[in-house]
1. Select from segment 1-12 the residues that are outside any loop (DSSP other than H, G, I, E, B) and under 17 Å from Ala51 (Cα atoms) and list them in ascending order.
2. Of everything in segment 13-27, what is assigned to a loop (DSSP other than H, G, I, E, B) and over 9 Å from the mean Cα position of the chain (by Cα)? Give them in sequence order.
3. Go over the candidates Lys43, Lys54 one by one and state the one that is under 14 Å from the mean Cα position of the chain (by Cα), exposed (fewer than 14 other Cβ atoms within 10 Å of the Cβ), modelled with pLDDT of 75 or more and among the basic types (Lys, Arg).
Amino acid sequence: MDIKYLSDDRGKITGVFIPIEDWEQLKKQYHIDEKAPADSGAKLQQSLADALKKAKPSDAPEK
């Protein structure tokens, strides 16, 4: 997974960018429904956090 970390002008990580192919894979793996009700946002956030924990250490941002 080719993860890109987005940061503000102070270097604080503010977001994550993943290629669309990886997003499609995560949607299938975690049964993410983009048309789900707004209250499913917490589930999506937790699913993505879990996926990031599984990412290889070599995928971590460079300092």
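1. Lys4, Tyr5
2. Of everything in segment 13-27, just one residue is assigned to a loop (DSSP other than H, G, I, E, B) and over 9 Å from the mean Cα position of the chain (by Cα), namely Pro19.
3. Result: Lys54 is the single residue among Lys43, Lys54 that is under 14 Å from the mean Cα position of the chain (by Cα), exposed (fewer than 14 other Cβ atoms within 10 Å of the Cβ), modelled with pLDDT of 75 or more and among the basic types (Lys, Arg).
The values are calculated or read from the model by the stated rules, or taken from the named source; none is laboratory data. If you're wondering where the values come from, they're calculated on a predicted model, not measured in any experiment. Heads up, the Cβs are rebuilt from the backbone with ideal geometry, glycines too, and the neighbour counts pull from every protein chain shown.
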